[in-house]
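The values are calculated or read from the model by the stated rules, or taken from the named source; none is laboratory data. Not measured: the values here are computed from a predicted model. Positions of Cβ are backbone-derived with ideal geometry, glycine not excepted, and every protein chain shown enters the neighbour counts. SASA here: full protein model, heavy atoms, side chains in, ligands and nucleic acids out. Shrake-Rupley method; radii C 1.70, N 1.55, O 1.52, S 1.80 Å.
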Amino acid sequence: MTKRNLMAAILQTAGPVSTTTSVTWRFKFLRMLTKAQFEAAAKDLQSLMLGTLVSSTNQRGAPSLVFVKKHPTDAGPILQQNTDLCPPDFYVERFSLPVSKAIGKNTVDKLVAHGLVASNQTQHHEKRT
């Protein structure tokens, strides 16, 4: 797995946010993904201005990292230059889906409360396969 592949996986998870768990639920080949690898790839995406890496806590109070994707309107021009990460049309499609079921309600509620996720995208969608 290359960092570029991981960056693509983060952008291609369902909804406007990604976590280590949502990526590993979506992509079986990334089951051994570590939080450090996720953080490094998310920071690279952040440096490309494709989103923001934020800290949160899960339901057990443990720290977790969440990558909040940039809205497709703002990300489109950047993705046009980085189509290997995610084709712009596919990004719009994936961003428009509700938040992945892999992301806990506590985390989602905090993201909504801070205005990072629209409440209409909080209905869990993507099931583990």
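M49 accessible area, nearest 10 Å², 1.4 Å probe?
120
Within the chain, what's the longest stretch lacking trypsin sites (Lys or Arg not before Pro) that sit in DSSP loops with no more than 16 other Cβ atoms inside 10 Å?
61-126
Which residue, T20, T107, T57, has the most motion in a Gaussian network model of the chain that connects Cα atoms within less than 10 Å?
The residue with the greatest mean-square fluctuation here is T57.
In the neighborhood of T20, defined by Cβ-to-Cβ distances under 10 Å, what is the net charge if each Lys or Arg adds +1 and each Asp or Glu adds -1?
With Lys, Arg at +1 and Asp, Glu at -1, the neighbours total 0.
Quickly estimate the mean residue ellipticity at 222 nm for the chain, helices only: each DSSP H run with n ≥ 4 gives -39500 (n - 2.57), and the total goes over all residues, rounded to 500.
Mean residue ellipticity at 222 nm (helix-derived): -12500 deg cm²/dmol.
Take the Cα pairs of the stretch 6-129, get the Kirkwood Rh, then feed it into Stokes-Einstein at 10 °C and 1.306 mPa s and tell me D in µm²/s.
It diffuses with D of about 112 µm²/s by this estimate.
Using a Gaussian network model of the chain with C-alpha springs under 10 Å, which one of P88, P16, P77 is most mobile by mean-square fluctuation?
Taking springs between Cα atoms under 10 Å, the residue moving most is P77.
Under 19 Å Cα to Cα from K3, which aspartates and glutamates show up? Leave out anything in the same chain fewer than 8 places away.
Partners found: E39, D44, D84.
By the scheme Lys and Arg +1, Asp and Glu -1, what is the net charge of all other residues having a beta-carbon under 10 Å from that of L11?
Net charge in that neighbourhood comes out at +3.
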